[in-house]
Amino acid sequence: MRRRTLITGAVGAVGALVGAGIPPAAAASDARRRVVHVRPGDSVQAAVDTLADTAGDTLGNPADGPGPTIVVHPGTYREVVHIPSAVRNLTLLGASRDPRDTVVVYDRANGTRKPDGSGTYGTAGSATFTSAAPGLTVRGLTIANDWLRADHPEITGTQAVAAYVTGDRSHFERVRFLAHQDTLFADTTALDAFDRQYYRDCYVEGDVDFVFGRGRAVFDGCRLHTLDRDVSFKPEGMVFAPATARANPYGFLAVRCRVTSGAEDGAYKIARPWVPSYETTAWPSLVVRDTRLGPGIDAVAPYIDMREAYPWQTMRFREYANSGPGAVVPVPENRPQLTAAEAAEHTRGTYLGDWRPYEQRY
């Protein structure tokens, strides 16, 4: 029998929040707002729905201060979770300090047919976790899509997204994103929106274009891990596939990250530009700086075209002060570098503006 999701006020909430990694002073303040506890046998989505139904469009409005908190206790939650735009300033916490203890996972792909017969889910619709909510914070859990190509040879649309994120001021800390093709879709709410996202100390693994989208996203101290594929061709995949709008001065920034690999040396590219058919004016932007690139990255030719009509050389791809065997520059024209003066413009502060989540410590 499914237990009822528990909503608490101040009584008992401080201890739960401290246990989830929030400092005591902050926890005392947070306890004055709604706190929802989700335990194995409960549903994370039901907790989200309860909050949305309770307060409607006014929930967590920035003018009203901090929004609610959902504390997810250790366990595996096999479900799809969607955070609607009305649920502003939500904090979603794994109750353990180890993100491996709390897992939200599902298994569907682009080409998976919907139960109602209305077609397939598409890439964004395949996501286990979707958020359009401004001010979202997620900490200390795992988001995964465990759909496997080998189990579904009849499906050709093999993109299977772990998280599809839109909404300004989306903050992920110590979150693990696990999938294969198209793991993390860092996008925006609209073609002309410059929604900002910040990922700190996260782990993202995949094999094809597994960090992609048109969002303005900073990856700070993250580990990006490429998976081995049982294929006879090279490259086996690409880490990034930005689709930045031409009007957006900044796309993806990876700073102080690590790129590791479970595949053979040189099997992966850093990136290829994604110019979607629905936004052919896109001008993909990626800066990788102060990052260690392992031997899995092809140092000679680390970039590749997705389509001949949009060569990577015409895109905003740059590197700066990277290290490791995958960062060697044997052919300079294949690896455009920022000057020191240009690098000063590609920082967390420049990309995120007046929003400074990197100044918060938990």
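The values are calculated or read from the model by the stated rules, or taken from the named source; none is laboratory data. Worth saying up front: this structure is predicted, and the values here are computed from it rather than measured. Every residue, glycine as well, gets a Cβ built from its backbone with ideal geometry; the counts of neighbours run over all protein chains shown.
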(message) Need the failing condition index for W147 against (1) within 20 Å of V35 (Cα to Cα); (2) over 15 Å from the mean Cα position of the chain (by Cα); (3) hydrophobic (A, V, I, L, M, F, W, C), just the number.
(response) (1)
(message) For a quick check of your reading of the model, give me the residue pairs whose first member lies in the stretch 187-199 and is closer than 14 Å to Y278 by Cα, whose second is modelled with pLDDT under 95 and of a type in the set (D, E), with beta-carbon atoms closer than 9 Å and at least 6 apart or on different chains.
(response) L191/E279
(message) Scan the stretch 235-244 and tell me whether some residue there is part of a loop (DSSP other than H, G, I, E, B), loosely packed, with under 15 Cβ neighbours inside 10 Å and either more than 18 Å from the chain's Cα centre (by Cα) or of a type in the set (D, E) (or both).
(response) no
(request) Return the pairs, sorted by first residue and then second, in which the second residue is at pLDDT 95 or above and in a loop (DSSP other than H, G, I, E, B), the first residue lies in the stretch 202-215 and is under 11 Å from T260 (Cα atoms) and of a type in the set (F, W, Y), the beta carbons are less than 9 Å apart, and the residues are 6+ apart or on different chains. (result) Y203/R174; Y203/V175; Y203/C222
(message) When the residues of the stretch 117-134 are narrowed to those that are of a type in the set (A, V, I, L, M) and buried (at least 19 other Cβ atoms within 10 Å of the Cβ), which ends up farthest from Y106 (Cα to Cα)?
(response) A133
(request) From (1) buried (at least 23 other Cβ atoms within 10 Å of the Cβ); (2) touching a helix residue (DSSP H, G or I) at 6+ places or on another chain (Cβ under 9 Å); (3) aliphatic (A, V, I, L, M), pick out the condition that doesn't hold for V138. (result) (2)
(message) If I go through the stretch 101-124 residue by residue, how many of them are of a type outside the set (V, I, T), under 16 Å from V80 (Cα atoms) and touching a residue at least 12 places away in the same chain (Cβ under 8 Å)?
(response) 8
(message) Need pairs with beta-carbon distance below 9 Å; first residue without any contact (Cβ under 8 Å) to a residue 60 or more places away in the chain and in a loop (DSSP other than H, G, I, E, B) and within the stretch 317-336, second surrounded by fewer than 16 Cβ atoms within 10 Å (Cβ to Cβ) and among the charged types (D, E, K, R); sequence gap 6+ or separate chains.
(response) A321/D290; N322/D290
(request) Residues being buried (at least 21 other Cβ atoms within 10 Å of the Cβ) and aliphatic (A, V, I, L, M): count how many of those fall in the stretch 293-315. (result) 3
(request) Can you tell me which residue among A55, A86 is surrounded by 14 or more Cβ atoms within 10 Å (Cβ to Cβ), small (G, A, S), assigned to a helix (DSSP H, G or I) and modelled with pLDDT under 95? (result) A55
(message) Taking the criterion of being crowded, with 22+ Cβ neighbours inside 10 Å and either in contact with a Pro (Cβ under 8 Å, 6 or more places away or on another chain) or modelled with pLDDT under 95 (or both), would at least one residue in the stretch 147-164 satisfy it?
(response) no
(message) Step by step: first the residues of the stretch 329-362, then only those that are among the hydrophobic types (A, V, I, L, M, F, W, C) and out of contact with any Lys or Arg (no Cβ under 9 Å at 6 or more places or on another chain), then the one that is nearest to P249 (Cα to Cα). Which residue is that?
(response) A344
(request) Being buried (at least 24 other Cβ atoms within 10 Å of the Cβ) and assigned to a loop (DSSP other than H, G, I, E, B) is the filter here, so list the residues in the stretch 181-195 that pass it. (result) D182, T183, T188
